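Trainee: Please find one structure pasted underneath; my questions will follow.
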Amino acid sequence: MGWFSLFALLIAIATGGFVLFRLYRRGLLTPVPHKPLAEMMDAIRPFTTAYEPKGTGPFPVVVLLHGCGGVRPNMATYGRIAADLGVLALVPDSNAMRDIGYEEALETVCTGAKLRAHERTGDLHALLEMIRQDPRADASRIALAGWSHGAWTALEALALEKAGRPPASLTALPKHGLEGVKAIFAMYPYNGFPARSRRMPWGNDVPVESLLVHGDTICSETDSVDVFNRQIEWGADVKWRFIENATHAFDEPDHHPTSTLMFDPERAELAYAAFRDFLTRHLLENQGSAD
């Protein structure tokens, strides 16, 4: 081997090592730890906030799944909306449970380097089992609501459940799965690669309703429409509508100072109204006949 070839080989090795080091630092090479469901429940419980209605339960329940940045002020807004309607809202903080702060989340979770949806679905199953054990909750009337990464998580759970596959973070698919889940509310969901909804059906048991942002620069609405139409062909019940002249996370009032995303209070009211309507139709109407 000539000196030039040797030099090129050393450069290639160094470059490869640098790339592997960067992937390791960003979390892409870190294996997902597997936990039994009970252990996951113990882990997420201290990081779950409840918004409880007045009166006596058991109440219908909505699980609010935050976006990639973690629990932001908009989760409290939606939690109070649900509680005012008579719905118990539970907000698990998947980032805080893993000691991921806001700045780190923007660098890793929001870029897909850490905590992808197939791992985070384990948190969701832990919450569902907690609901089944909670005397405040009516486990036969549960809704899931997700924002961006959280919506990806909810839809990922549908795909994994239909395939009979456990979340990456659990040792097994929980016995009760998504039992009791009546519907999913998906706010500007991520449906790009590697979302399993692109290639795995959801089934027709749980209807999905979504608000998409026209021209979304973070979670492509065209990806979502393609996935939704494919899921409809496979038998799913999916409905969506667009929010015009807004950015991704338009209903989040406290964006990072360097972010190009903008809170839009007028369009946020549209989302609040859609959320109220969703909860009313899926958890509150005809509840007497269902009891």
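Since every read-out is calculated from the coordinates, none of them should be taken as a lab result. Since this is a predicted model, take the numbers as computed values, not measurements. A quick note on method: Cβ atoms are made from the backbone with ideal geometry, for glycine too, and the neighbour counts reach across all protein chains shown.
Trainee: Compare the Cα positions of 47, 121, 272 along the charge dipole of the chain (+1 at Cβ of Lys, Arg; -1 at Cβ of Asp, Glu; about the Cα centre) and return the one farthest towards the positive end.
Mentor: Farthest along the dipole direction, towards plus: 121.
Trainee: Report the label-to-label distance for residue 175 and residue 39 in nanometres (one decimal), using points 7 Å from each Cα along the Cα→Cβ vector.
Mentor: 1.9 nm
Trainee: Which value in nm describes the separation of the simple spin-label points at residue 56 and residue 260, placed 7 Å from the Cα toward the beta carbon?
Mentor: Going by the 7 Å Cα→Cβ label model, 5.6 nm.
Trainee: Here is a follow-up. On a full-extension model of 0.36 nm per residue, what is the gain between residue 49 and residue 222, subtracting their alpha-carbon distance, rounded to one decimal in nm? Mind dumping the intermediate values first?
Mentor: Working: separation 173, 0.36 × 173 = 62.28 nm, distance 3.33 nm.
Going from the current span to full extension adds 59.0 nm.
Trainee: Sticking with this one: Quick test of your reading: applying the under-4.7 Å Cβ rule, which cysteines of the chain are isolated?
Mentor: Within the chain, the cysteines lacking a partner Cβ under 4.7 Å are 219.
Trainee: Can you tell me what share of the DSSP beta bridges in the chain is antiparallel? A percent to the nearest 5 is fine. Display every interim value, and only then the final one.
Mentor: Working: 4 of 30 bridges.
Counting DSSP beta bridges with both partners in the chain, the antiparallel share is about 15 percent.
Trainee: What is the dipole size for the stretch 172-267, taken about its Cα centre, with +1 at each Lys and Arg Cβ and -1 at each Asp and Glu Cβ, in debye to the nearest 20?
Mentor: Values: 9 positive and 15 negative charges, 102 e Å.
Dipole of the stretch 172-267, to the nearest 20 debye: 480 debye.
Trainee: Moving to a separate point now. Do the alpha carbons of any pairs in 54/239; 114/175; 54/114; 54/175; 54/162 sit beyond 29 Å of each other, and which pairs?
Mentor: Working: 54/239 32 Å; 114/175 27 Å; 54/114 38 Å; 54/175 32 Å; 54/162 36 Å.
Pairs exceeding 29 Å: 54/239; 54/114; 54/175; 54/162.
Trainee: Based on DSSP H runs of at least 4 residues, each adding -39500 (n - 2.57), what is the mean residue ellipticity at 222 nm of the chain after dividing by all its residues, to the nearest 500 deg cm²/dmol?
Mentor: Numbers: 10 runs with 118 residues, N = 291.
Using -39500 (n - 2.57) per qualifying helix, the result is -12500 deg cm²/dmol.
Trainee: Shape of the stretch 80-218 from its Cα gyration tensor (a ≥ b ≥ c, root eigenvalues): rounded if a/c is under 1.5, otherwise prolate when a/b > b/c, or oblate? Could you put the intermediate results ahead of the total?
Mentor: Working: a/c = 1.29, a/b = 1.23, b/c = 1.05.
Note, shape of the stretch 80-218 comes out rounded.
Trainee: Local charge sum around residue 146 (other residues, Cβ-Cβ under 11 Å, Lys/Arg +1, Asp/Glu -1)? Walk me through the intermediate numbers first.
Mentor: Values: positive: 120; negative: 156.
My count for the surroundings of residue 146 gives 0.
Trainee: Which FRET efficiency value, to the nearest 0.05, is calculated for residue 132 and residue 99 with the Förster distance at 30 angstrom and r the Cβ-Cβ distance?
Mentor: Numbers: r = 28 Å, r/R0 = 0.92.
For R0 = 30 Å, the calculated efficiency reads 0.65.
Trainee: Follow-up question, since we're still on this one. Arranged from highest to lowest average of other beta-carbon atoms within 10 Å per residue, in what order do the peptides 64-73, 258-267, 212-221 appear? Provide the component values of the computation, followed by the final result.
Mentor: Working: 64-73: 22.8, 258-267: 13.3, 212-221: 18.7.
Top to bottom by mean Cβ count within 10 Å: 64-73, 212-221, 258-267.
Trainee: In debye to the nearest 20, how big a dipole does the chain give about its Cα centre with +1 on each Lys and Arg Cβ and -1 on each Asp and Glu Cβ?
Mentor: Working: 28 positive and 35 negative charges, 168 e Å.
Charge dipole of the chain: 800 debye, to the nearest 20.
Trainee: Span-like helices, the chain: DSSP H, alpha-carbon axial extent 15 Å or more, mean Kyte-Doolittle -0.5 or greater, which ones?
Mentor: On the way: long enough: 3-26 (34 Å, 1.28); 73-85 (19 Å, 0.01); 117-132 (22 Å, -0.35); 149-163 (21 Å, 0.29); 221-233 (18 Å, -0.87); 265-279 (21 Å, -0.13).
In the chain, the long hydrophobic H runs are 3-26, 73-85, 117-132, 149-163, 265-279.
Trainee: Scan [x] 19.8; [y] 21.6; [z] 22.1 for the value of Kirkwood radius over Cα pairs in Å calculated from this model and give just the label.
Mentor: Identified label for the calculated read-out: [x].
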